[in-house]
Amino acid sequence: MTCASILLFLLALVPQRDAGWLRGKVTDKDTAAVIPNVEIFLSDADGRNVLQSQTNQSGDFVLAGISSGEWYWSSKIHVHFGLASG
């Protein structure tokens, strides 16, 4: 066996660590205004592996470390209403 074929064989034994990422922007569908501070969640089919992010002031978010498989998306926004006194 040559050095090159041994190296290729050893590289084949290294486990693959493929992971993806998701980048997006949360906006209001009617006005296209960005929505900051939205919590974004991805959970795997078993609900054991949860990835979390939050939108910034520009409505942008990134989720990294997404492995292949089936994932479920959810989001949560906190809305505060002021009461008008009459």
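Coordinate-derived values only; no laboratory data. Because the structure is a prediction, the values reported are computed rather than measured. Cβ sites come from the backbone with ideal geometry, for glycine too, and all protein chains shown count toward neighbours.
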Need pairs with beta-carbon distance below 8 Å; first residue closer than 14 Å to residue 79 by Cα and within segment 25-49, second aromatic (Phe, Trp, Tyr) and outside any loop (DSSP other than H, G, I, E, B); sequence gap 6+ or separate chains.
38/61
Of the criteria (1) surrounded by 13 or more Cβ atoms within 10 Å (Cβ to Cβ); (2) without any contact (Cβ under 8 Å) to a residue 24 or more places away in the chain; (3) within 10 Å of the chain's Cα centre (by Cα), which one residue 56 fails:
(3)
Quick test for you: out of 83, 63, 51, pick the one residue that is surrounded by 12 or more Cβ atoms within 10 Å (Cβ to Cβ) and over 13 Å from residue 26 (Cβ atoms).
51
